[in-house]
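See structure below.
What follows is calculated from the coordinates using simple rules that are stated; it is not laboratory data. Please read these numbers as outputs of a predicted model, since none were measured by experiment. Neighbour counts run over all protein chains shown; Cβ positions are idealised from the backbone, glycine included.
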Amino acid sequence: MSDLVTLGESTALFSMPQMGRLRDASRLDVSIAGAESNVSIGFCRLGRSSSWIGRVGQDEFGELIVRTLRREGVDTSGVRTDAARQTALMFKEHRAPNVVEVTYYRRGYAGSALTPDDVDDALITSARVLHVTGITMALSDSARAAVEHAVHVARAAGVLVSLDVNYRSRLWSREAAAAAIGPLAREADIVFAGDDELFVFGSEGLSEAERLAAQGSREVVVKQGARGATSFCDGDRWVEPAVAVMAIDPVGAGDAFVAGYLVARLEGGDHQARLRTGCATGAFAASHVGDWECQARRDDLEMLWRDSGTTLR
């Protein structure tokens, strides 16, 4: 049993240790990446339990993903190994001080071959939260079906469903994303979206998101980066400013926000406390380099909330 189950694709990640173009690099740092596995790691860093369901290749990169997740305390009993396909790859370049560019090699790789048969229903029904994203839905028809299946299993079991839109223009069009993610957003209990991702709710965007949040106990949380975050639920609206930090690497910050928000929700935090924790975990991640390495622990947040210039002696 885990507090959280996530389902999606993880990749091997190659990053340039300095600013510039990939073609000019003499060496690359090797790690892993994946929105859903990032959230799982974030949960474990904050003292909660988490499981990740996914498919990796029977290769060194697949072993790296599984080993890294286990080392961070994530349960990997739901991982499937694909002997016929390789683990997907991601490359990250720091093109300018404030610009990060990523390149994917994922279509036709192991993660994109995820199917409903790969989903461990028992893992989901025994959890408190299921978290999925639009990224996995974009990879293939079978991966989208796996996400939809997981959501339906969770809904039937009364498990809280969390969905992060996570639109990636290099994977699919806005029209295709809206057609696939929109219906699922109306089934989820919590939907996370950026300002530029509200199109999945329809032509009216934010207004439609607010109407959705007014139905029952559904929550729509808008991640706004340096401007903080806003949530809507039961016809009410909450706003939380961002934590002021020097942003170094924004990749993974949105996943860290989700992890912090969901942990605060599970622990009984009110809407403002959830936003405050999410903004803090997101800010901590953005101020460090790495996709998952930057996930905060509880004592990190205590430091982040101290007054600027504090010296501990």
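Results, tabulated for the structure shown:
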item: Distance from region 79-117 to region 165-222 (C-alpha centre basis), Å; result: 24 Å
item: Label point distance in nm, MET246-MET19, each placed 7 Å from Cα along Cα→Cβ; result: 1.3 nm
item: Residues VAL153, VAL263 arranged by fewest to most Cβ contacts within 10 Å; result: VAL153, VAL263
item: Ranked MET137, MET246, MET16, criterion: other C-beta atoms within 10 Å, fewest first; result: MET246, MET16, MET137
item: Solvent-free Debye scattering, log10 I(q)/I(0), computed from the Cα coordinates of region 110-234 at q = 0.13, 0.17 Å⁻¹; result: -0.50, -0.85
item: Stretch gain in nm, segment ASP234-ARG95, where the contour uses 0.36 nm per residue and the Cα spacing is subtracted; result: 45.8 nm
item: Theoretical gain in end-to-end length, ASP141 to ASP195 [0.36 nm per residue, Cα-Cα removed]; result: 16.8 nm
item: Helix runs (DSSP H) in the chain reaching 18 Å along axis by Cα, Kyte-Doolittle at least 0.5; result: 253-266
item: Rounded if a/c under 1.5, otherwise prolate or oblate - region 155-313, Cα gyration tensor axes; result: prolate
item: Simple Cβ-charge dipole of region 184-313, Lys/Arg +1 and Asp/Glu -1, about Cα centre, in debye nearest 20; result: 340 debye
item: Other-chain or far-sequence residues with amide H under 5 Å of ILE53's (modelled H); result: THR6, LEU7, GLY8
item: Ranked PHE284, PHE91, PHE43, criterion: other C-beta atoms within 10 Å, fewest first; result: PHE91, PHE284, PHE43
item: Estimated 222 nm signal from helices in the chain, with DSSP H stretches of n ≥ 4 weighted -39500 (n - 2.57), rounded to 500; result: -10500 deg cm²/dmol
item: Rg(Cα)/(2.2 N^0.38 Å) for region 160-214, N = residue count; result: 1.03
item: Computed over region 177-313: relative contact order in percent, which uses C-alpha pairs under 8 Å that are six or more apart; result: 17 percent
item: Kirkwood Rh and Cα Rg combined as Rg over Rh, evaluated for the chain; result: 0.94
item: Cα-based equivalent ellipsoid of region 9-112: semi-axis lengths in Å, sorted from largest, via gyration tensor; result: 25, 18, 11
